[in-house]
Amino acid sequence: MIAENVLRSLPSGAATAMLWRPNTGMTLPSGPAMTVESFMFRTCTRCSYPSMSVAQPVRKSGSRKRGSSVFIHTLQYNDGTGRYREGRCVVVPNIPARKERRKGKNRRLSCLNDGEGVSILERKEWMMDEYVSYSPEQYRSLFPHIQTGKIWLNHAAISPLSKRVHAVVEKHLQNRSFGDIDVYPSVLDSCERAKRNLGALINAAPERIGFVPNTSEGLNILANGLDWKSGDRILLNDIEFPTNVVPFLNLKRFGVEVDFVKSRNGEVLTDDLAAALTPRTRLLSISSVQFLSGYRADLADVGALCRSKDVLFCVDAIQGLGVSPHDVQAMQIDFLTAGGNKWLMGLMGLGFVFVTEELQARLTQRHAGWTSNRNFFGDFFTYRIDLDETARRYENGTQNYVGIAALAESTATLLEAGVDAIRDHVLELTGRVIAFADENGFGVVTPRDPAKRAGIVTLTHPKASEIFAELTEQRIVVSLREGMLRIAPHFYSSDEDLHALFGMLRLYAAENA
């Protein structure tokens, strides 16, 4: 049945087969294959097949036959519940018959969809009893800080680097030190890979993504790029981190007014946003997840509101991306930006922007560099402004290439685990923190409704500062923000981490009951 479902989703004549599995080398549980309904539009670099990452050669385990090597690249599919999950596209090499090989015809790997390779119906048995699985235990060994006894529940501030990211960074630095030294060809590949992965995380074409140093720089591209008139208005709210406020306050010199919607119990309600819109409101900007309360905005609702009122919709996604699904198409987002050092688990000093083609055409580029142009590595002495048609135009010179390589690797791990699975796991953990707090007399700032939160739970206690100091002493790392304890687990966090946290918090439970 699944083969037929997959076949209906493929481009005409596609010579491909699907295999639901995590990366090679990981243990696969047995279970039913998932039904596939549709694919998000991605393009493999070697074919027109939907894809999310670079193809890589693998070998089907246990096979001794010629032709057991296959070509694998990532894609997304709809699991039938409206959620997009990650799978793998496996393409078998085209192996000529023996008599054809005698004639000198070469065997070649191919993922072309014009008849090369093996058709999906011929290989449908490969898909049975294998599916994408996720467990935090699969990934805990990737994080060396765990072996040192440190418990990191502070991903809303900064995330530890995985062994995979560390290896990529070390390789880059070694290559710069005593390898090729000029690593330009390899960094271009990292840039493409990172943009593909980011595009997969937000359902955007890689061409719509550009690298920036941080979220603030991203928001300034939008704030300073629009043609503002005196009396224009921007709508924000009163619980934003300053990153999503200061770039817009800076426009007051042009006569732009900034309105703030008052939050309710740490939530920013769509109805309140709608009531605050005026005929002069041109932009609404909101964080996908609020840094303190942990409230996750209903971006689809807000996006629909903005579209109905012809208001530009901007999202600061730094506290949500990597732990909560984002879909710029379904949410009708015009501009999105995020830094890579929190839930995306990359290095500090690198972020990205997403901008629609329509909005990009309206933005004046206030800063430009030689790499902003098309074919910038061509005729150096033809001085010109010929801005690239993609979001690369915002990359105004040499980039943080080691950071890009790290982000490509960290996002690959997130995609491998699956953002939906990460979301479910983290919501379970944060739900347990809320339940513990309720049972032990701690106040809870974060919404209890799972639909309204992501990876942050913030607790109140009269001795929050003392508790924070004690947790830090015991190497349990959380944040102290505005006199409150902010707890932020991620996809590899475990029950054992929470047990250790609860053991310390329980010492203070009676004092707040």
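The values are calculated or read from the model by the stated rules, or taken from the named source; none is laboratory data. Note that the structure is a prediction, hence the values are computed from the model and not measured. We place every Cβ from the backbone using ideal geometry, glycine too, and count neighbours over all the protein chains shown.
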- request: Specify the residue that is surrounded by the most Cβ atoms within 10 Å (Cβ to Cβ); the eligible residues are those in the range 172-185 that are touching a residue at least 12 places away in the same chain (Cβ under 8 Å) and under 27 Å from residue 139 (Cβ atoms).
  value: 172
query: Of all residues in the range 483-502, how many are within 19 Å of residue 446 (Cβ to Cβ) and not in a helix (DSSP H, G or I)?
result: 10
field: Yes/no for residue 243 being touching a residue at least 60 places away in the same chain (Cβ under 8 Å), buried (at least 21 other Cβ atoms within 10 Å of the Cβ) and under 22 Å from residue 302 (Cα atoms)
entry: no
field: Among residues of the range 346-359, those that are touching a Gly at 6+ places or on another chain (Cβ under 7 Å) and either within 11 Å of residue 215 (Cβ to Cβ) or buried (at least 24 other Cβ atoms within 10 Å of the Cβ) (or both), counted
entry: 5
- request: Kindly state which helices (runs of 4 or more DSSP H) lie completely within the range 265-382 and contain at least 3 residues that are touching a strand residue (DSSP E or B) at 6+ places or on another chain (Cβ under 8 Å).
  value: 270-276, 299-308
- prompt: Is there a residue in the range 238-253 that is more than 30 Å from residue 191 (Cα to Cα), touching a Gly at 6+ places or on another chain (Cβ under 6 Å) and either modelled with pLDDT of 95 or more or in a helix (DSSP H, G or I) (or both)?
  reply: no
- prompt: What number of residues within the range 200-215 satisfy the criterion of being in a helix (DSSP H, G or I) and either surrounded by fewer than 19 Cβ atoms within 10 Å (Cβ to Cβ) or not assigned by TED's automatic domain parsing to the domain that holds residue 270 (or both)?
  reply: 1
message: Here's a check for you: in the range 424-444, which residue that is within 16 Å of residue 156 (Cα to Cα) and out of contact with any Phe, Trp or Tyr (no Cβ under 9 Å at 6 or more places or on another chain) is surrounded by the fewest Cβ atoms within 10 Å (Cβ to Cβ)?
response: 427
task: Would you please list the contacts, defined by Cβ atoms under 7 Å and residues six or more apart or on different chains, that run from a residue in the range 368-381 that is closer than 24 Å to residue 224 by Cα to a residue that is in a loop (DSSP other than H, G, I, E, B) and basic (Lys, Arg)?
output: 373/384
- request: For the range 145-162, name all the residues that are more than 19 Å from residue 342 (Cβ to Cβ) and in a helix (DSSP H, G or I).
  value: 147
message: It is to be established whether one or more residues within the range 440-461 are on the phi > 0 side of the Ramachandran plot and charged (D, E, K, R).
response: no
Those residues of the range 478-495 which are within 26 Å of the chain's Cα centre (by Cα) and surrounded by fewer than 19 Cβ atoms within 10 Å (Cβ to Cβ), in sequence order: 480, 481, 494, 495
Residues satisfying the stated conditions in the range 431-456, i.e. of a type outside the set (A, V, I, L, M, F, W, C) and assigned to a helix (DSSP H, G or I): 431, 432, 438, 439, 450, 452
field: Options 459, 480, 505, 415: the member that is more than 30 Å from residue 189 (Cβ to Cβ) and part of a helix (DSSP H, G or I)
entry: 505
- request: Name the one entry in 428, 409 that is at pLDDT 95 or above, assigned by TED's automatic domain parsing to the domain that holds residue 323 and not in a strand (DSSP E or B).
  value: 409
field: Residue that is farthest from residue 207 (Cα to Cα), among those in the range 360-380 that are surrounded by fewer than 16 Cβ atoms within 10 Å (Cβ to Cβ) and among the small types (Gly, Ala, Ser)
entry: 378
field: Output for the range 222-237, where each listed residue is under 13 Å from residue 316 (Cβ atoms) and in a loop (DSSP other than H, G, I, E, B)
entry: none
query: Looking at the range 118-144, which of the residues that are more than 20 Å from residue 344 (Cβ to Cβ) and part of a helix (DSSP H, G or I) is modelled with the highest pLDDT?
result: 137
